[in-house]
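Coordinate-derived values only; no laboratory data. Computed from a prediction, not measured in an experiment: that's the story for all the values here. We place every Cβ from the backbone using ideal geometry, glycine too, and count neighbours over all the protein chains shown.
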Amino acid sequence: MYEQLTHILMQVLSHGFSMLTSKVVPLVEAGVSAEATGTVPMSTVYITLIVLAGLGIVFGVALALIAARFVVKVDPKVEQVRETLPGANCGACGFAGCMGYAEAVVGNPDVAVSMCAPGKSAVAEKIAVITGKKAEKVEPKIARVFCQGGTSLSQRKFIYTGVKDCTAAVLAAGGDKSCEYGCLGFGTCMRACPFGAITMSADNLPLINPDKCTACGKCVAACPKQVIEIAQASKAVVISCHSRDKGIDVKKKCQVGCIACGICVKTCPVDAIKIDNNLARIDHSKCIVCGLCVKKCPTKAIFDYIPVRPKAYIDPAKCVGIDVCEKVCPVNAISGEIRQIHVVNQEKCIGCRMCESRCPKKAITMVEVTAAAEKKTKVQEPVAV
């Protein structure tokens, strides 16, 4: 069919061209000079316009037929998913933009509906409805900065006066910071963030806004020192240091670096911390986010992203005086006699939740407290709460 159509078009073109040349261009024999004078007849102009109009119609029909033949049909579900996605095109899902993910999640049964980091659970649930897949719970993630050694807390090996960019600074002997593992503080991650979730502190360290961060990973890719990682937001206690130097060298370079002293290892009640290559590391599959290691770290290298922790609350109506909570409390904040209602010393309670998980009567819950209420509680006598 297409061969015939092409042949017809060629014949029409050839015929039209012949008519034009016969009417407009005078025939001259070889070796004979000629001079064309006079005006072009209106009939020739009309014929030319008619031929051009005919060619336009023929080519228009031909293009329409070809477009109809080779059109790429798009699944309407793909368009629905694409409209549901936030449109960040960040690539955190592993596909080439939102359209790439939309096509994959609709066409491939193995692609999960929860791969859009900016969309989180709300978008995952909508995609599940459109595709008919199971909506799995999305664990919120966030970018974490594994360095606290800002300008005032770390040493410099020279004064850098080049382009204020971390990647450019690395080319100058690895950067101006004495600690080769630390954040350089020139804001490359901030400029790479497409959501405006990163700002630079007065001490030249990245500050990540948890409300804006989508865990897209752009800042991770932009950081030449790899001090930014994507982590679960619920794992709020982290070793905020990446240095592999020995403790004595770390102390010379940074005031808040991990010196691998091992105190956190001994303090952890669930054996979630290990020393590996001169650096403490937390196994977040074991970590209960109790915060005990934060309080014990001598260099404050462990950072707690929970500013005010909830306190244990014992419901007198449910408590039957079983002393399991008293035994598991790592700071001896719970006291009471057997078969008597137990009390929590709010001054000592660190909100580790260990008593909550071990109480067989489910009499213990965690109650949010404000910083002002916590300060006031510290000057009170231990009371039953």
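Tell me which residues, restricted to the range 161-182, are more than 24 Å from Ile239 (Cα to Cα) and part of a loop (DSSP other than H, G, I, E, B).
Across the range 161-182, the qualifying residues are Thr161, Gly162, Val163, Lys164, Asp165, Leu171, Ala172, Ala173.
Are there any pairs with C-beta distances below 7 angstrom linking a residue in the range 105-133 that is closer than 13 Å to Lys77 by Cα to a residue that is assigned to a helix (DSSP H, G or I) and of a type in the set (Lys, Arg), with the two at least 6 apart or on different chains, and if so which?
As it stands, the answer is Val106/Lys77; Ile130/Lys77; Thr131/Lys77, since those pairs meet every condition given.
Picking from Thr167, Thr84, which residue would you name as being in contact with a helix residue (DSSP H, G or I) (Cβ under 8 Å, 6 or more places away or on another chain) and farther than 21 Å from Asn204 by Cβ?
Every option except Thr84 fails the conditions.
Do you know which residues across the range 220-255 are polar (S, T, N, Q) and in contact with a Pro (Cβ under 8 Å, 6 or more places away or on another chain)?
Selection gives Gln232, Ser234.
Please go through (1) touching a residue at least 60 places away in the same chain (Cβ under 8 Å); (2) touching a Cys at 6+ places or on another chain (Cβ under 7 Å); (3) surrounded by fewer than 16 Cβ atoms within 10 Å (Cβ to Cβ) for Pro298 and return the number of the only condition it doesn't satisfy.
Status for Pro298: all satisfied but (1).
Hey, which of the helices (runs of 4 or more DSSP H) in the range 47-160, taking only ones fully inside, have at least 2 residues that are closer than 30 Å to Pro224 by Cβ?
Filter on the range 47-160 gives 97-107.
Kindly check whether there is at least one residue in the range 107-122 that is within 20 Å of Ala88 (Cβ to Cβ) and in contact with a strand residue (DSSP E or B) (Cβ under 7 Å, 6 or more places away or on another chain).
There is at least one residue in the range 107-122 that is within 20 Å of Ala88 (Cβ to Cβ) and in contact with a strand residue (DSSP E or B) (Cβ under 7 Å, 6 or more places away or on another chain).
Tally time: how many residues in the range 124-152 are crowded, with 17+ Cβ neighbours inside 10 Å and closer than 30 Å to Ile302 by Cβ?
11
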